[in-house]
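What follows is a single structure, written as structure tokens, with notes after it.
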Amino acid sequence: MCPDTLYATEVACAHCTLPVPPALIRENEDRQFCCSGCHTAYSLLHDHGLEQFYSFRERRDAPVQRTGRSYEEFDHPAFAALHVKATPGGLSRIELYLEGIHCASCVWLVERVPLLVSGVARAELDVRRSRAIVEWSAEQTSLSDIARTLDTLGYPPHPFRGVARDAVRRGEDRRMLTRIGVAGAIAGNVMLFALALYSGEIAWMDPAHTRFFRWLSMGLTLPALVWPGRVFFTGAIAALRTRTLHMDLPIAIALAAGFVRGAINTVADEGPIYFDGLAILVFALLVGRFLQQRGQRLATDSAELLYALTPATARIANADGSVRELPTEAVLPGMVLDVRAGETFAADGVLTSEQTTVNAALLTGESRPARVTSGDAVFAGTLNVSSPARVRVTESGETSRVARLMQQVELSASRRAPVVIAADRLAAVFVAVVLTASVLTYAFKVWNGSASALDDVIALLVVTCPCALALATPLAVTVAVGRAARGGVLVKGGDSLEVLAKPGVLVLDKTGTLTEGHSALVTWIGDTRAQELVLSLEQGSSHPIADGFRRAWPLLPTHEVTDAQHVSGGGLMGTVLGRSVIVGSPAFVRSRTTFGSELVEAGISALDHSLTPVLIAVDGEIVAAAGIGDRIRDDALSALTALRARGWRTMMASGDVMQVAQAVGGTLGFAPGDVFGAMSPEQKLALVERLRSEGHEVVMVGDGVNDAAAMVAASVGVGVHGGAEACLANADVFLTRAGLTPLRELIEGAERTAGVIRRNFAFSLGYNVIGASLAIAGLLTPLIAAVLMPLSSLTVVIASWRGRTFVRTPVSSVASLNGSVVP
């Protein structure tokens, strides 16, 4: 064994117990540390008498990684307004997310922070969620001091986002659990009294004791109805006030009827009293409603999109060259962001530094990072990949592009689809039918002298509560919208899914929708060694042809260009690596050269007429030729073929000349009569309106610029990635991934969502018919009905949650250079 290995295995860090690198071992010292962070943490604990930390068998086995942040943004008023609350005792309170939490020793150490920082009154850690609740006196210490101490211990803090939402949910849960607890306690005691009464019917009981237990049962059941069971009566009263038939109405009638009948029998000292069944019924219904609420919450959580994608803090570059940290909420337009490589942009803005590379997959679906230069726009939530960047803020917070996207989705998600409205109407009709059936059942059974008439009616009212029927559609739509969003398909309302579930007419724009929408290198003929020279010469040009070369060769090196000249309508000339290079149109290049390659000339002659030809000459000799065009997307044909097989009629509405539109249409299988070229935005709008007037459901797919009016007029407007700003305002669905595969997935997902809705409806109606039949026949007790009712709702929740509506598909690989093209 080598000496270094021996030292590493024999010397352990006094704080984290990991091996100490040989270079950090200090001679003649009893305690060794693997890093400066562990040394600082160890000293801090020992200085405050917290050596007990090292007695834990299980403790962190990783070195302390201090971030070195000042956390000064934690003291900013904007940060405090969002994350800090005041306690009744005059302290400040915050919830923090801590990195590096994993065991009991972490809990012990974090909860000893009051001993480390004067002024901290309380620190409590939820190890499962890595959430720390800290209370402190703002007069004695600052939040940044507390944050730096946690960072020194190896637990970098962040504001726990979603605190307000969690607080509301915890309040709701606490109130519901309290009701459930009270209802359960009452039900348990009433059942004990019922057991005594049932025993008295078998063996003799003194009539005075019988009356006592009957009155005691009524006295306990009344509070169960007045407080825990009040939620059902509140819903029923609201339904009567608004003249609607709500699902709480039959439940309230059942509870009220049972109690009134039991009270009359108690006073009369004869007949059944129902109180045990009513108490258990309230308890079972509340438990079912709580579980149903939790299930719905899990479903709706999946639709919370893009939350926390922007960083919590941002570095601001001051005019004097210094840099300070602020909470993202305090960033204002005009400020300059300092963004390091590997960090996320905190706001929208314009790049002021020379250049960098940005991964904008969040907003565009583009898997490859894109190069941006000074003056280009960058957006919050996108990743700075390659170089430190300075960005002048133009939009921040709620006005940023990613925030507007989220707002549009959240706002439009509340739109109710016609099928949801129809389901609500059906539930109202169903309640009316149930109430009528209950009256008839009770009258018929009383007329026939049945002793169980009231029990049967109560069971009928409870088991036929249309909860499952009312949940069948909205829950399936909510889950589907959330799943679609996670796959890069942002659906703004359930009504769009309803339209897309049935075949109709699909009108597609060409440029940017069926094609990539930008110049691309399609063909290269000749010497590949000239590519570096061409790229160097075109690097500083803003011409679309130059952009096509840059996209084709992102990894090739570039070299310094001297004597560069741009000839309008012709091309570029310059010297690269001491060689004269000319790139431009055939006429421009031939007029400046004396030699040409027969292979290149033959290739130019055979070049597709839909491509723009470009010649390359080096040192007076033509050495290569290129064909530039707008590529048809690789997945366009397969996606359109799949949609046509599902019954969709596809049409193309292009602003390009008819010859180009027909060329693309022929390649992609459009019928000649369904291809329209040279169309203005007004003509596209007229086409959509004509199709709708003929009774067709029309889906318009475009980039949201020339197609905006047509999108609004269509049954559903679908915006493809790349035209996001206009799509946000005009599209019902926004595809964040490139190509037409997401469009195919959208329509397939809409069809599967419709299938889940139909399945939920079938189950709900089947359950209610069977349950009603059993109750009318006297085969169902109120207690069993109370158990079955929430189970039916939970079944719908689970079926909606487990339904495979939208499945995430990986973004297709970057297309090769040999695809079909148009000019």
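The stretch between Ala671 and Ser374 holds 102.4 nm of extra length on full extension. This uses 0.36 nm per residue minus the Cα-Cα distance.
Counting only the Cα atoms, segment 479-552 fills a convex hull of 163 Å³ per residue. Here the calculated FRET efficiency for Ala12 and Thr795, from their Cβ-Cβ distance with R0 = 45 Å, stands at 0.20, rounded to the nearest 0.05.
Just to make sure I understand: if all protein chains stay in place, what is the order of Lys510, Lys85, Lys445 by accessible area at 1.4 Å, largest first?
Working: Lys510 0, Lys85 110, Lys445 30 Å².
Listed by decreasing accessible area, they come as Lys85, Lys445, Lys510.
Label separation (Glu689 vs His543): 4.2 nm, computed from points 7 Å beyond Cα along the C-beta direction. Site pair Leu599 and Asp563 shows an inter-label distance of 2.8 nm when each label is modelled 7 Å from Cα along Cα→Cβ. Between Arg804 and Leu779, what is the FRET efficiency for a Förster distance of 41 Å, r being their Cβ-Cβ separation, to the nearest 0.05? Between Arg804 and Leu779 the formula returns 0.65.
Sorted on the mean count of surrounding Cβ atoms within 10 Å across their residues, most packed first, peptides 331-342, 519-530 read 519-530, 331-342.
Let me spell out the model: positive unit charges on the Cβ of Lys and Arg, negative unit charges on the Cβ of Asp and Glu, origin at the Cα centre of segment 171-260. What dipole size does that give, in debye rounded to 20? Please list the in-between numbers first.
Values: 8 positive and 5 negative charges, 69 e Å.
So the dipole magnitude of segment 171-260 works out to roughly 320 debye.
Once all protein chains are placed together, Cys34 keeps about 20 Å² accessible to a 1.4 angstrom probe. If you sort Asp619, Asp455, Asp707 by accessible surface, 1.4 Å probe, largest first, the order is Asp619, Asp455, Asp707.
Working out 0.36 nm times the residue gap between Ala78 and Ala645, then minus their Cα-Cα distance, what length gain in nm do you get to one decimal?
Numbers: separation 567, 0.36 × 567 = 204.12 nm, distance 5.53 nm.
This chain segment gains 198.6 nm when fully extended.
A simple packing score, the average count of other Cβ atoms within 10 Å per residue, orders the peptides 632-645, 586-599 as 632-645, 586-599, with the highest score first. Solvent exposure of Glu697, expressed as accessible area, is near 80 Å², computed with a probe of 1.4 Å over the protein chains only. A straight Cα-to-Cα reach below 21 Å connects Lys502 with the lysines Lys492, residues fewer than 8 places away in its own chain not being considered. With a Förster radius of 60 Å applied to the C-beta separation of Lys502 and Thr234, the computed FRET efficiency comes to 0.90. Length available on full extension from Asp527 to Arg175: 0.36 nm per residue minus the Cα-Cα distance, which gives 119.1 nm.
Taking label points 7 Å from Cα along the Cα-to-Cβ direction, Ala185 and Val712 give a separation of 6.0 nm.
When nucleic acids and ligands are ignored and a 1.4 Å probe is applied, Ser92 ends up with an accessible area of around 20 Å².
With +1 on the Cβ of every Lys and Arg and -1 on the Cβ of every Asp and Glu, and nothing else charged, how large is the dipole of segment 619-702 about its Cα centre, in debye rounded to the nearest 20?
Values: 8 positive and 11 negative charges, 103 e Å.
The calculation lands at about 500 debye.
The values are calculated or read from the model by the stated rules, or taken from the named source; none is laboratory data. Worth saying up front: this structure is predicted, and the values here are computed from it rather than measured. Positions of Cβ are backbone-derived with ideal geometry, glycine not excepted, and every protein chain shown enters the neighbour counts. Calculation scope for accessible area: heavy atoms of the full protein, side chains included, ligands and nucleic acids excluded. Shrake-Rupley method; radii C 1.70, N 1.55, O 1.52, S 1.80 Å.
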